[in-house]
Structures are given as structure tokens and as C-alpha cells.
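Here the structure is laid out as C-alpha cells; the discussion comes afterwards.
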Amino acid sequence: MTTTTESPVVVETTHAVRTVRLNRPDAMNALDVATKEALLEALTAAAQDESVRCVVLTGTGRAFCVGQDLREHVAGLERGADFLATTVSEHYNPIATLLASMNKPVVTAVNGVAAGAGLSFALAGDVRIMVDTAGMNTAFAGIALSCDSGASWWLPRLVGHARAKDLLFFPRTIPAPECLDLGLVTGVVPAEQFESAVREAAERLAAGPTQAYGAMRQAVLSSASMPLPEALEVEESFMASTGDTADHREAVRAFLAKEPPTFTGR
């Protein structure tokens, strides 16, 4: 994929880490159609590229992502009431699904405020690192809308049903320390340590057993709606598939040789 600094989404790959960066800093990385389409394209390419073993989603400037671009939203509503349903089905749902289910780990690097769909996207990361000056805001109730992009799925699982509804009904900017206490993020770091912390986490994941990580993601995702016997069957199937990988054989060899394994993601 070819990108430039003027693109609404910038893509970089280093050491098997694909960084997908929202790039509308003047609009706080609000999501207009062009940005949503570019983000979906970038995430689809990252998911399908076997050389990519970890994906980082972040933003440019002082925001991670503040959700839907409301200026475009108003214009869309004037064109017809089906605008919301169309953009949810064509953009938000596919993006949320890719972030949650691609067969490789995802790091969300929350460099600034994450609101609305931006919050939803941030919560989909396996590792969620936030700069200490950032915050999160559900935002949806403030514009008289229900939640989208997975907020109703992630919030109850991270903070419980009662707290999830409190955050949705009474939107406010949750400061970084509280986000950590609530479990909305997995780490909070000072600004001067943010990039190095994200890089360290992403490169460690990229050097790991990629297929095992993907299987774990799928197992955890599916178990949320399964009784225990079915979840055990899913685990059994993934144990069989990962047991047939080169990385598993390498891990066993390295263990017996008393040396660190070198994983290839295969």
C-alpha cells in the first residue's frame, strides 16, 4: 500500500510490526468516509499479510480518535436517514471486527483522547497503552445516539455491566489513571516513554508465536458466548492446529536444549 503524510491513514512496517496511524490531526482524527475507508483498507491488508506479526493502531497529534466526523455526519443526515445504518454496516462494523479477530496481536497506542468509536477501537487492542495525558469518553449519549463499533461488547467485559452503563449514560472524559484502574487500558506511561513502551510491546509480540496468539484471540473471543463444553471444544481444535506449527516444534526443541526459541510465526 502506498501512503503519504497527507493520507488520512499512514502505514509503516518495521520489524514485522505494522503501524496504522490515523492522520487527521487538525480534526483530532475524526472519522470521515475517506478515513474510514482508508482505515478499513489498511487493517485488511495488515490482517492478510503473513509478514506482519503485530499491528499497532494509533493517532497523529493530540488525539487518538474522537469518533465520527460530525460535520460530515450532519451532511449525511441531510441526504437521508439511512446514512447511519450504512456507515455502521460498511465501515464501523468491519473495522471493529478486524481489530478484534485478525489472527495476530493488536496493540492500541492511545496517544490522546479516544472518544465514541475511537474509544471502541482502542478497547479492541490486546495491549492498550495510554499516554498519561490522554483520556477516554464514550460520548454517544451526548449526541443522542446509541453506542457502536463494539463499545457495548467491550465495556461490560472490561468494567462490568453496571459501570458500563454508567459510562455510557453519563459520558465524561476519564483521565488516564482512572482508565488504568478500571481496566480500560493495560498500561499508562509518561509522554517521553510512550513511543518506546509501544515499540517494546509490539516488537515483543511480533517476535512471538503468531499463530498461537491468533488462536488465543479467537478462543477468548468465542468463549464469551459459549457454555464451557463448547469452549473446551474450541480450545481442543486450536490446540491441535497450533500443535502442528513450526513454532511449537521450535519451542519444544529450544526447551530441551535449554535455550531461547526463535519463532517465525509459522
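The values are calculated or read from the model by the stated rules, or taken from the named source; none is laboratory data. Predicted model only: the values in this text are computed from it and were never measured. With ideal geometry, Cβ positions are generated from the backbone for all residues, glycine too; neighbour counts draw on all protein chains shown.
Using the structure shown, decide if residue 106 is crowded, with 23+ Cβ neighbours inside 10 Å and either free of Cβ contacts under 8 Å to residues at least 24 places away in the same chain or of a type in the set (Val, Ile, Thr) (or both).
yes
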Counting just the residues of the stretch 20-52 that are of a type in the set (S, T, N, Q) and within 19 Å of residue 214 (Cβ to Cβ), which one comes out surrounded by the most Cβ atoms within 10 Å (Cβ to Cβ)? 44
Restricting the first residue to the stretch 14-40 and requiring it to be closer than 18 Å to residue 115 by Cβ, which pairs with a second residue that is of a type in the set (Lys, Arg) and at pLDDT 95 or above meet a Cβ separation below 8 Å and a spacing of at least six or different chains? 25/62; 28/62; 30/24; 32/24; 35/24
Of the listed residues (90, 50), the one being more than 30 Å from residue 175 (Cβ to Cβ) and part of a loop (DSSP other than H, G, I, E, B) is 50
Of the conditions (1) among the polar types (S, T, N, Q); (2) modelled with pLDDT under 95; (3) in a loop (DSSP other than H, G, I, E, B), the single one that residue 29 does not satisfy is (2)
Cβ-Cβ below 7 Å, separation at least six or inter-chain, first residue in the stretch 202-215 and polar (S, T, N, Q), second assigned to a helix (DSSP H, G or I) and surrounded by 23 or more Cβ atoms within 10 Å (Cβ to Cβ): which pairs? none
Index of the failed condition, residue 98 passing every other in (1) among the hydrophobic types (A, V, I, L, M, F, W, C); (2) in a helix (DSSP H, G or I); (3) touching a Gly at 6+ places or on another chain (Cβ under 6 Å): (3)
Against the condition polar (S, T, N, Q), in contact with a Gly (Cβ under 6 Å, 6 or more places away or on another chain) and closer than 21 Å to residue 149 by Cβ, how does residue 23 come out, does it pass? no
Assess whether residue 65 counts as being in contact with a Pro (Cβ under 7 Å, 6 or more places away or on another chain), within 18 Å of residue 20 (Cβ to Cβ) and surrounded by 23 or more Cβ atoms within 10 Å (Cβ to Cβ). no
Among the helices (runs of 4 or more DSSP H) lying completely within the stretch 116-235, list those that include at least 3 residues that are hydroxyl-bearing (Ser, Thr, Tyr) and either surrounded by 20 or more Cβ atoms within 10 Å (Cβ to Cβ) or in the same structural domain as residue 252 (by TED's automatic domain parsing) (or both). 210-223
Taking first residues from the stretch 159-184 that are without any contact (Cβ under 8 Å) to a residue 60 or more places away in the chain and second residues anywhere that are exposed (fewer than 14 other Cβ atoms within 10 Å of the Cβ) and in a helix (DSSP H, G or I), the pairs with Cβ under 8 Å that are 6 or more apart or on different chains are 171/142
